[in-house]
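Undergrad: Here you go, one structure.
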Amino acid sequence: MSSILSFLAALVASSFIEYAVHRLMHAGVLLHARHAAHHRDGWGQGFWPELRDYLAPGLLLILPGWLLGAAVGTGWTLGCVVSASFMAYAHQLQHDNPLACRWMRIPVHYVHHRDQMWHHNFGLAFDWWDRLLGTYKVVTFGDEFPPEERGRGPLDIQWGRTVVERALERERAVRTRLRVLRSLSAVSNLPRR
């Protein structure tokens, strides 16, 4: 019984943490530059890279459950992993195929990006916390999709990054490094007093 309760508690806690972290990103407290780039680029990184990014820091969230024993730790860990997996899926689905996100009235993360919402619709997998904490905003959704996109299934998402996306990412990283090197070189070539 304690495994089931801790599993359910982990689902609720994880969904709140997802909401809170996303709000903190928009407030400029956590990973603001990276998140602003995500909004600028407008696409997800694929299910597997997204899941990695949720699980790595999520390990800290998993540890406390084990302090309460094996049954609680097992349930808590499973709840956190299931939640992270569903969040990664929901995030990618709303970038690639938002019409298939049928468990919410509107796919909040999709409209959050589409309408560049910096103060509304922070949920990824669920809209509960947005509704409860006053950040939910109802907007029209669905009319922008042509008929050929309406028949796509819920598994029609990018599971990993494509070769082209990885190449573009590497190219952006190289350009950034070159800009930094040029600026450092320009500073070092200034006349000394």
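We did not get these values from a lab; they are worked out from the coordinates using the rules stated. Keep in mind it's a predicted model, so treat the numbers as computed, not measured. Glycine gets a Cβ as well: all are built from the backbone with ideal geometry, and neighbour counts include every protein chain shown.
Undergrad: I need the peptides 75-86, 140-151 ranked by packing, meaning the mean over residues of other C-beta atoms within 10 angstrom, with the highest value on top.
TA: Values: 75-86: 21.1, 140-151: 9.7.
Result, highest mean first: 75-86, 140-151.
Undergrad: How many nm separate the modelled label positions at Lys137 and Leu55, each set 7 Å beyond the Cα in the direction of the Cβ?
TA: Taking the two extended label points, one gets 3.5 nm.
Undergrad: Further question: What FRET efficiency would be calculated for the residue pair Ser2, His39, taking the C-beta separation as r and a Förster radius of 41 Å, to the nearest 0.05?
TA: After rounding, the FRET efficiency stands at 0.50.
Undergrad: Skipping prolines and chain starts, which residues have an amide H placed within reach, meaning under 5 Å, of the one on Ala125, given they are 5 or more residues away or on another chain?
TA: none
Undergrad: OK, next. Output ³J(HN,Hα) for the range 86-102: one whole-Hz value per residue in order, computed from phi by the Karplus curve 6.51 cos²θ - 1.76 cosθ + 1.60 with θ = phi - 60°, and x for Gly and Pro.
TA: Going residue by residue, I get 5, 4, 4, 5, 4, 4, 5, 4, 6, 7, 9, 8, x, 4, 7, 7, 8 Hz, with x marking Gly and Pro.
Undergrad: Short version: ³J(HN,Hα) in whole Hz for each residue of the range 27-36, in order, from phi by Karplus 6.51 cos²θ - 1.76 cosθ + 1.60 (θ = phi - 60°), x for Gly and Pro, what are they?
TA: Once θ is set to phi - 60°, the couplings for the range 27-36 become 7, x, 8, 10, 6, 4, 5, 5, 5, 4 Hz.
Undergrad: Now for a separate question. Assigning unit charges at the beta carbon (Lys, Arg +1; Asp, Glu -1) and nothing else, what dipole magnitude in debye, to the nearest 20, does the range 22-116 show about its Cα centre?
TA: Working: 7 positive and 5 negative charges, 33 e Å.
Computed charge dipole of the range 22-116: roughly 160 debye.
Undergrad: How large is ³J(HN,Hα), in whole Hz, for each residue of the range 111-119 in order, when computed from phi with the Karplus curve 6.51 cos²θ - 1.76 cosθ + 1.60 and θ = phi - 60°, using x for Gly and Pro?
TA: So the Karplus estimates, Gly and Pro as x, are 5, 4, 7, 4, 9, 6, 7, 9, 10 Hz.
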